[in-house]
1. Among 31, 152, 206, what is the fewest-to-most ranking by other Cβ atoms within 10 Å?
2. Work out, in µm²/s and without decimals, the Stokes-Einstein translational diffusion coefficient of region 41-152 at 4 °C, 1.567 mPa s, Rh from Kirkwood over C-alpha pairs.
3. Using only the alpha carbons of the chain, what is the convex hull's orientation-averaged projected area in square nanometres?
4. Counting only pairs 8 or more places apart or on different chains, how many lysine pairs in the chain have C-alpha atoms closer than 15 Å?
5. On alpha-carbon atoms, Rg over Rh for region 142-190 using Kirkwood Rh?
6. Report ³J(HN,Hα) in whole Hz for each residue of region 118-123, in order, from the Karplus equation J = 6.51 cos²θ - 1.76 cosθ + 1.60 where θ = phi - 60°; Gly and Pro get x.
7. If neighbour count is taken as other Cβ atoms inside 10 Å, put 65, 112 in order from fewest to most.
8. Spelling out what I want: for every residue of region 129-140, take phi, set θ = phi - 60°, compute 6.51 cos²θ - 1.76 cosθ + 1.60 (Karplus), and round to whole Hz; glycine and proline get x.
Amino acid sequence: MRNRTKLPLEALGPVLLPMQPVGILASIYPDISTDAPLELEVGFGKGLHLVNAALQNPSSRYLGIEIERKYVFFAATSVVNRGIKNVRLIAGDASLFMATHIPKGVVDVVHIYFPDPWWKKRHHKRRLVTQGFLENVLLVLKPEGMIRFATDVEAYYQMTEELLSQLSGVVRSNPESTSSVAHDMDYLTHFERKARLKGKPIFRWDLKKLV
Ligand SMILES: C[S@@+](CC[C@H](N)C(=O)[O-])C[C@H]1O[C@@H](n2cnc3c(N)ncnc32)[C@H](O)[C@@H]1O
């Protein structure tokens, strides 16, 4: 993940998708079965989790959506440099994408890691995770689909716990807190790495959609 030199757009082309309805998922993963699990990551930043997950699960399909174009290009460069075939990336707003661009009941897992905290109270409305956002995520999930969440901001975690308590048809669990790392980039995401190197605790939940 240390490659800072962005590849030219022509080289990244196959990995990047325009913001459009993802109706025909088969055609965006030409090498992978249409029955393969589909995992979505919102706000993937530099893409450490997407790259590692895609390498570990080559027969799953990964779709990332990130609002900052510079991070989309950074992550796309990592994907192309590693020859990864099962990742596609979109530059755009995950809330809009979730609400209008993805079919219902097609996603196996939605990953939400270290969303921007928007500390000031008057800015809380800019937070990615809202009741409406979670409801839209549940709509795109298959039955038994999962949301996986992590943050180092306890107040954000508590806010999401409040939102989860208002959802029905779901089961929440608390994944293992933190494991030891084997090397300098052996973290879930770049933001997890930053937080853990500073000794901060990480707060996580998983949520399963029942039907
Ligand atoms: C704190 S960073 C975390 C990045 C990454 N998940 C990690 O853990 O390293 C939050 C990321 O969410 C992205 N983001 C914020 N709002 C977004 C939105 N509405 N749609 C998509 N991405 C968004 C930001 O650009 C940023 O890359």
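1. Working: 31 10, 152 18, 206 15.
Lowest to highest Cβ neighbour count: 31, 206, 152.
2. Values: Rh = 14.6 Å.
The calculation lands on 89 µm²/s.
3. Numbers: hull surface 46.5 nm².
Average of the hull's projected areas for the chain equals 11.6 nm².
4. Values: 6/46; 6/70; 46/70; 46/194; 104/142; 104/209; 142/208; 142/209.
Counting lysine pairs in the chain gives 8.
5. On the way: Rg = 13.8 Å, Rh = 13.3 Å.
For region 142-190, the value is 1.04.
6. For region 118-123, the Karplus-derived couplings read 6, 4, 5, 4, 5, 9 Hz, x marking Gly and Pro.
7. Numbers: 65 26, 112 23.
Listing 65, 112 from fewest to most nearby Cβ atoms yields 112, 65.
8. 8, 10, 4, x, 4, 5, 5, 5, 4, 4, 5, 7
Values in this text are rule-based calculations from the coordinates and carry no lab data. Treat the numbers as computed from the prediction; the structure is a model and nothing was measured. Every residue, glycine among them, receives a Cβ derived from its backbone with ideal geometry; neighbour counts consider all protein chains shown.
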